[in-house]
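Beneath this line is the structure, given in structure tokens, with notes to follow.
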Amino acid sequence: MTETGFHDSEEGLACDGVPIARVADAEGTPIYVYAASVIRDRFRAFDDAFGAHPHAVHYALKANSTLAVLRLLQTLGAGADANSGGEIDVARRAGFLPSQIVFTGVGKRPDELAKAVSLGLKAINAESAGELARIDAIAVAEGKQANVALRVNPDIEAMSHPHISTGAHRNKFGVALGEAAAICREAAMRRGLRFAALHVHIGSQIEQVAPLRQAARAVVEVARALAADGIALDYVDMGGGVGIAYDDTGGLDLAEYASALLAEVAPSGLPLVLEPGRFVVGPAGVLLSRVVDVKTHPGGRTFVVLDAGMTECLRSALYGARHRIVPVTARVGTASGVDVVGPVCESSDSFGSDHQLPPLAVDDLVAILDTGAYGATMASNYNRRPMPAEALVDGGAWTLIRRRQTIDAMLAQES
Ligand SMILES: *Cc1c(COP(=O)(O)O)cnc(C)c1O
């Protein structure tokens with residue numbers, strides 16, 4: 001049996017039996033390589049964790065929205081969680097039906113709301129009373145009823161990185177818990193709205209179950225109060241945020257997470273919507289990069305300079321995220337602590353210090369692990385660097401799913 005996912009082989013690091021150096025040799029670097037087998041396994045594991053309780057898994061596009069990845073998830077039965085008009089369009093082109101898309105986001109433009117209303121999405125997750133009123137006005141003008149949910153800010157610390165915590169009072173997201181029921185009651189009376197659900201999402205890369213359970217409890221309490229007023233919800237949407245292990249420790253146990261949410265929600269009888277992003281695709285991708293320079297400052301640090309940096313994978317520069325980095329082909333020699341850095345003119349363009357690596361030479365290929373989520377989607381053209389290429393390994397063969405951007409393509413919008 002061939003191994004699935006990323007594993008060692010005689011030709012170095014491989015993905016589902018395919019030595020990934022071959023992908024870099026053919027397409028150059030930097031390039032993302034994704035394992036379809038890992039995406040499938042993780043999506044199914046997530047879905048299965050909620051067992052027989054009625055639920056829908058709406059994959060959060062912002063983690064990775066490359067078309068081929070979305071098509072794969074769509075065929076597995078995923079729904080979509082879109083965070084912008086652009087993500088709605090991409091979800092539609094990947095085959096998701098409007099009834100399979102929820103639309104979230106703290107600042108939706110009028111044209112984005114109009115698109116969502118006219119498509120008739122499963123729900124627009126509104127972030128304020130004002131937004132509900134604007135959705136109502138659009139729907140009434142179009143002679144439609146829009147399905148809406150209200151995002152609640154439960155004022156809970158997700159105990160994650162401050163940049164990716166979203167459920168505390170100081171954060172910009174949602175409406176205060178104490179105001180939620182009154183806003184829902186008002187919304188339920190509007191002609192243009194069908195009040196479908198309550199929504200909560202307290203952050204990303206959450207590694208403790210307690211805050212997620214607390215958020216679920218808060219939402220279910222509001223749902224109960226609404227039910228007592230005769231406002232029956234279709235479901236409750238508990239967002240995403242499940243943390244993964246970026247090294248040998250960490251991450252959130254899936255079974256523990258699911259049983260905590262079910263313990264809060266099941267007694268209400270309400271179906272669940274979940275919006276995982278990182279959990280599904282994070283461990284399914286690596287970023288392949290070549291060493292372009294190695295140097296040691298006298299009496300100081302050794303820098304391994306890569307041809308990938310914050311422009312291809314922003315996570316380390318933005319959140320101080322620590323990704324394991326491994327040579328694709330085994331290298332002999334004693335490992336020592338080095339700084340692995342990118343080529344961009346920013347000191348924050350670093351994958352961190354003290355990566356224990358054997359001596360590396362210029363042209364060596366390295367893999368930056370667990371970069372399937374918030375990797376390619378956060379890439380930028382800073383320093384006029386082209387968007388990286390992406391490849392998908394499936395069934396023992398790889399295909400290019402996104403060509404490296406050319407300078408012509410980059411300049412096509414400019415005069
Ligand atoms: C980003 C986001 C998600 C996905 O978060 P993960 O941590 O990747 O699971 C889900 N829902 C909303 C509203 C989001 O903004």
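The values are calculated or read from the model by the stated rules, or taken from the named source; none is laboratory data. Everything quoted here is computed from the prediction, not taken from an experiment. Positions of Cβ are backbone-derived with ideal geometry, glycine not excepted, and every protein chain shown enters the neighbour counts.
So the values come out like this:
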{"quantity": "Filter result for the condition that a residue is closer than 30 Å to residue 336 by Cα and part of a strand (DSSP E or B), over 361, 373, 367", "calculated": "367"}
{"quantity": "Total residues in the stretch 297-315, condition more than 16 Å from the ligand (Cβ to nearest atom), buried (at least 24 other Cβ atoms within 10 Å of the Cβ) and not aliphatic (A, V, I, L, M)", "calculated": "3"}
{"quantity": "Residue tally, condition closer than 18 Å to residue 249 by Cα, within 12 Å of the ligand (Cβ to nearest atom) and either of a type in the set (Gly, Ala, Ser) or in a strand (DSSP E or B) (or both), over the stretch 274-296", "calculated": "1"}
{"quantity": "Flag if residue 213 is farther than 26 Å from residue 130 by Cα and basic (Lys, Arg)", "calculated": "yes"}
{"quantity": "Hits in the stretch 216-239 (condition: closer than 19 Å to residue 146 by Cα, under 28 Å from the mean Cα position of the chain (by Cα) and surrounded by fewer than 19 Cβ atoms within 10 Å (Cβ to Cβ))", "calculated": "234"}
{"quantity": "Index of the failed condition, residue 8 passing every other in (1) in a strand (DSSP E or B); (2) surrounded by fewer than 18 Cβ atoms within 10 Å (Cβ to Cβ); (3) within 16 Å of the ligand (Cβ to nearest atom)", "calculated": "(3)"}
{"quantity": "Single residue of the stretch 164-184 satisfying the filter (under 24 Å from residue 243 (Cα atoms) and free of Cβ contacts under 8 Å to residues at least 40 places away in the same chain) that is surrounded by the fewest Cβ atoms within 10 Å (Cβ to Cβ)", "calculated": "170"}
{"quantity": "Yes/no for residue 391 being touching a residue at least 40 places away in the same chain (Cβ under 8 Å) and assigned to a loop (DSSP other than H, G, I, E, B)", "calculated": "no"}
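Every residue, every condition in (1) of a type in the set (Asp, Glu); (2) over 25 Å from the mean Cα position of the chain (by Cα); (3) modelled with pLDDT under 95, yes or no:
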| residue | (1), (2), (3) |
| --- | --- |
| 253 | yes, no, no |
| 262 | no, no, no |
| 273 | no, no, no |
| 281 | no, no, no |
| 285 | no, no, no |
| 294 | no, yes, no |
| 303 | no, yes, no |
| 306 | no, no, no |
| 316 | no, no, no |
